[in-house]
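To start, the structure under review is shown below, and the notes come after it.
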Amino acid sequence: MSVYRFRSRETGELVMLEPHAKRLLEILGKDPSGPGIILPEQMPAAVEALREAVVHEEAQRKRAKDEAQAQGDPPPQFDPVSLRMRVTPFIEMLERCEKAKVEVVWGV
């Protein structure tokens with residue numbers, strides 16, 4: 001399994017496994033098939049998209065648990081590492097880079 005490396009001149013390198021990085025980039029509307037860039041002026045919208053995706057995932061998980069409980073079924077099993085936990089370091093990276101007015105780049 002390959003990894004994605006997100007880099008900027010403001011922060012250290014952020015490394016993610018391919019499936020998680022691809023999901024993150026798809027949330028941002030970026031092509032995950034190769035290297036890319038997020039410009040400082042794109043960062044507020046990127047942060048907002050990630051936060052919205054977290055809220056959506058958490059609502060879906062709660063709905064699935066509630067439905068299982070209502071039907072007397074065992075609760076569904078989810079990845080123990082939630083989207084919120086996976087995107088938090090990336091959101092922090094974007095916020096720092098926006099303030100510093102530097103881009104974030106990535107490659108596989």
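Looking at (1) in contact with a Ser or Thr (Cβ under 7 Å, 6 or more places away or on another chain); (2) on the phi > 0 side of the Ramachandran plot, find the lone condition where GLU18 falls short.
All conditions are met except number (2).
Output the residues belonging to the range 1-22 that are in a helix (DSSP H, G or I) and either free of Cβ contacts under 8 Å to residues at least 24 places away in the same chain or loosely packed, with under 12 Cβ neighbours inside 10 Å (or both). Steps first, answer last, please.
First, the residues of the range 1-22 that are in a helix (DSSP H, G or I): 18-22.
Across the range 1-22, the qualifying residues are PRO19, LYS22.
Among the residues of the range 38-54, write down those that are part of a helix (DSSP H, G or I) and either touching a strand residue (DSSP E or B) at 6+ places or on another chain (Cβ under 9 Å) or farther than 18 Å from HIS20 by Cβ (or both).
Filtering the range 38-54 down to residues part of a helix (DSSP H, G or I) leaves 40-54.
PRO40, GLU41, GLN42, MET43, PRO44, ALA45, ALA46, GLU48, listed by residue number.
Quick check: anything in the range 71-81 hydrophobic (A, V, I, L, M, F, W, C) and assigned to a helix (DSSP H, G or I)? Walk me through it before giving the result.
Narrowing the range 71-81 to residues hydrophobic (A, V, I, L, M, F, W, C): 78, 81.
From what is left, the residues that are assigned to a helix (DSSP H, G or I) are none.
No, every residue in the range 71-81 fails to be hydrophobic (A, V, I, L, M, F, W, C) and assigned to a helix (DSSP H, G or I).
With GLU58, GLU48 as the choices, which residue is under 17 Å from the mean Cα position of the chain (by Cα) and free of Cβ contacts under 8 Å to residues at least 12 places away in the same chain? Before the answer, list the steps.
Working: GLU58 fails: free of Cβ contacts under 8 Å to residues at least 12 places away in the same chain.
Going through GLU58, GLU48 in turn, just one is under 17 Å from the mean Cα position of the chain (by Cα) and free of Cβ contacts under 8 Å to residues at least 12 places away in the same chain: GLU48.
Any residue in the range 80-108 that's modelled with pLDDT of 95 or more: show its pairings with residues that are of a type in the set (Asp, Glu) and not in a helix (DSSP H, G or I) at Cβ separation under 6 Å, as long as the two are six or more apart or on different chains.
ARG96/GLU10; CYS97/GLU10; ALA100/GLU10; VAL102/GLU10
The values are calculated or read from the model by the stated rules, or taken from the named source; none is laboratory data. Remember, it's a predicted structure, so these values are computed and weren't measured experimentally. Reconstructed Cβ throughout: ideal geometry from the backbone, glycine too, with neighbour counts over all protein chains shown.
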